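First the structure, in the form of structure tokens, and then the observations on it.
The values are calculated or read from the model by the stated rules, or taken from the named source; none is laboratory data. This is a predicted model, so every value here is computed, not measured. Every residue, glycine as well, gets a Cβ built from its backbone with ideal geometry; the counts of neighbours run over all protein chains shown. For accessibility, only protein heavy atoms count, side chains too; no ligands or nucleic acids. Shrake-Rupley method; radii C 1.70, N 1.55, O 1.52, S 1.80 Å.
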Amino acid sequence: IEQNLGRLLQETGITMLESVVGFLAGSAIAYLLAIIFVHSQPIQRSIYPYAIALKSTPLIAVAPLLTLWFGNAIFSKIVMSAMVAFFPVLVNAVTGLRAVDAAMLDLMKSLSARWWQILTKVRIPNSLPYVFASLKIASSLAVVGAVIGEFTGSNQGIGHLLTTSSYYLDTPLVFAGVLFITVAGLVFFGLVAYIERVVVFW
């Protein structure tokens with residue numbers, strides 16, 4: 001392991017870069033779409049079934065298609081991470097944005113609050129506990145998505161390292177790769193949990 005330490009750190013860093021960027025992109029798109037869903041039932045009814053279908057599609061089946069469409073560089077792995085992080089954030093964000101006390105909504109409307117004022121002062125703060133619960137799940141899924149993407153077509157990252165190491169029967173390096181990406185995933189999860197304690201302090 002010592003002689004491969006530099007390589008392990010480099011490949012783990014690449015995979016985590018893909019995971020973090022995909023996590024941020026997927027979560028941001030999901031939250032914006034959740035806001036649209038809350039304010040437009042027709043749009044939700046037309047788009048939500050496709051989101052469910054996307055969630056139901058096995059990752060291992062989607063990964064080769066992403067490699068064909070976007071190549072075997074880092075972008076296809078970011079797309080994979082974003083896809084797997086997207087659904088849990090979308091579901092919880094919609095729930096959180098809608099789970100507002102009716103009395104609070106009536107009060108805001110009685111004060112002639114605009115829709116964007118209700119959104120920023122009531123709906124978004126109310127949704128944060130729901131969203132962060134899903135972000136912790138999505139952070140782990142994003143790492144899994146990146147590794148699966150690397151399995152199916154990549155020349156870098158932990159997934160590539162595991163594939164080549166298993167091909168050459170380098171078992172210690174395989175275990176080391178699994179250990180490194182597991183620790184990195186736990187750190188990522190812990191960072192999201194820490195941000196949750198700071199942001200949702202109440």
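A quick yes/no check of all residues on (1) in contact with a Ser or Thr (Cβ under 9 Å, 6 or more places away or on another chain); (2) farther than 30 Å from Glu18 by Cα:
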{"site": "Lys109", "(1), (2)": "no, yes"}
{"site": "Ala113", "(1), (2)": "no, yes"}
{"site": "Trp116", "(1), (2)": "no, yes"}
{"site": "Lys121", "(1), (2)": "no, yes"}
{"site": "Phe132", "(1), (2)": "no, no"}
{"site": "Leu135", "(1), (2)": "yes, no"}
{"site": "Val143", "(1), (2)": "yes, no"}
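A quick yes/no check of all residues on (1) of a type in the set (A, V, I, L, M, F, W, C); (2) modelled with pLDDT of 85 or more; (3) surrounded by fewer than 18 Cβ atoms within 10 Å (Cβ to Cβ):
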| site | (1), (2), (3) |
| --- | --- |
| Ile47 | yes, yes, yes |
| Leu54 | yes, no, yes |
| Pro64 | no, no, yes |
| Ser76 | no, yes, no |
| Ser81 | no, yes, no |
| Pro88 | no, yes, no |
Long-range neighbours under 7 Å by Cβ, at least six apart or interchain, first residue farther than 11 Å from Ala93 by Cβ within region 28-57, second assigned to a helix (DSSP H, G or I) and open to solvent by 70 Å² or more (accessible area, probe 1.4 Å): His39/Trp115; Ile43/Ile36
Flag for Ala113 being over 23 Å from Ala25 (Cα atoms), in contact with a Leu (Cβ under 7 Å, 6 or more places away or on another chain) and open to solvent by less than 60 Å² (accessible area, probe 1.4 Å): no
Restricting region 157-180 to residues that are over 20 Å from Leu65 (Cβ atoms) and in contact (Cβ under 8 Å) with a residue 60 or more places away in the chain, the residue that is nearest to the chain's Cα centre (by Cα): Ile158
Some residue of region 118-132 being touching a residue at least 60 places away in the same chain (Cβ under 8 Å), β-branched (Val, Ile, Thr) and open to solvent by less than 60 Å² (accessible area, probe 1.4 Å): yes
Conditions (1) part of a loop (DSSP other than H, G, I, E, B); (2) open to solvent by less than 80 Å² (accessible area, probe 1.4 Å); (3) of a type in the set (A, V, I, L, M): number failed by Leu169: (2)
Residue match in region 124-144 (condition: among the aliphatic types (A, V, I, L, M) and under 21 Å from Leu5 (Cβ atoms)): yes
